[in-house]
1. Condition first: surrounded by 15 or more Cβ atoms within 10 Å (Cβ to Cβ) and either at pLDDT 95 or above or of a type in the set (Gly, Ala, Ser) (or both). Now tell me which residues in the range 207-227 satisfy that.
2. Being under 14 Å from Ile144 (Cα atoms) and crowded, with 21+ Cβ neighbours inside 10 Å is the filter here; which residues of the range 68-84 pass it?
3. Given Asp162, Asp133, Asp97, which one is touching a Pro at 6+ places or on another chain (Cβ under 7 Å) and of a type in the set (Asp, Glu)?
4. So Ser193 fits all but one of (1) in the same structural domain as Asp82 (by TED's automatic domain parsing); (2) without any contact (Cβ under 8 Å) to a residue 40 or more places away in the chain; what number is the exception?
5. With Val57, Val70 as the choices, which residue is in the same structural domain as Ile156 (by TED's automatic domain parsing) and more than 26 Å from Val169 (Cβ to Cβ)?
6. Can you tell me which residue among Pro126, Pro78 is farther than 18 Å from Ser163 by Cα and in contact with a strand residue (DSSP E or B) (Cβ under 8 Å, 6 or more places away or on another chain)?
7. Every residue in the range 21-58 that is touching a strand residue (DSSP E or B) at 6+ places or on another chain (Cβ under 6 Å) and not β-branched (Val, Ile, Thr), please.
8. For residues that are hydroxyl-bearing (Ser, Thr, Tyr) and surrounded by fewer than 15 Cβ atoms within 10 Å (Cβ to Cβ), scanning just the range 1-36, find the one that is modelled with the lowest pLDDT.
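The values are calculated or read from the model by the stated rules, or taken from the named source; none is laboratory data. From a predicted model like this one, the values you see are computed outputs, not experimental measurements. Cβ coordinates were reconstructed from backbone atoms using ideal geometry, including for glycine residues, and neighbour counts include every protein chain displayed.
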Amino acid sequence: MSDAPKIVTAGMLVIGNEILSGRTRDTNTNFIAARLTELGIRLREARAVPDDEAVIVAAVREMSGRFDYVFTSGGIGPTHDDITADCIAKAFNVGIDVHPEARGRLERHYPAGHLNEARLRMARIPDGASLVDNPVSIAPGFRIGNVFVMAGVPNIMQAMFDSIRHELVGGAKLHSRTLTSFALEGQIASGLSAIQNRHAELEIGSYPFMRQGRAGASVVLRGTDLTRLAEATEQVRALMEQLGGEPREVNV
């Protein structure tokens, strides 16, 4: 029986032509990535797709088969181009209809006579899905299988995520340490590669920067084993010192 820590994975699917056109900036992926890391869940892929049924259906099917969790944002509003709910239903080969509880929430939210046909679209939920609470604007998201479907508006998506985070089961927590120095990437590359080979269970990445007119590199080390992480960090520190890089550990 293996003692290796369980790795729990996730994918993020950002849906909307406005993201791909550059009209709207995607901040949801950054939020999800940070929150999942806190829970011991690793975001392995983030993908942006257009409001295209075939593309969305294919992406949902593929990602839900590869990851423990999939999170989507966008496309569950009241307009004609909000097609995410229908696409998710098709991806799971189920029907879709107005959900009684979702409709009830909207009826209690809007003044009498204001729940028109367009707004009622937001109560259409795939068969068998459970609702995801929306404490900001009431219209719920939903969960079906391992896929959580949420709004695209950042503050609404964040509130939705906070309402379902207790449902998520994480694995081993990923710890991180960062060393920065004025040693150049080209100088540390060979030594850094050797350290990575000795610590295959860790993720080690190098990121160049320009500061105060000087070039340097930050090395970020991530892993679940604190002892091995500390060993590798000290080896990177020694490498930077050997090259005169004046290493400094930073909290990010």
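1. Residues satisfying the conditions are Gly216, Ala217, Ser218, Val219, Val220, Leu221, Gly223.
2. Scanning the range 68-84 gives Tyr69, Val70, Phe71, Thr72, Thr84.
3. Asp133
4. (1)
5. The conditions single out Val57.
6. Checking each option against the conditions leaves just Pro126.
7. The answer is Asp26, Asn28, Ala33, Leu36, Arg42, Leu43, Arg44, Glu45, Ala46, Arg47, Ala48.
8. Among those residues, the one meeting the criterion is Ser2.
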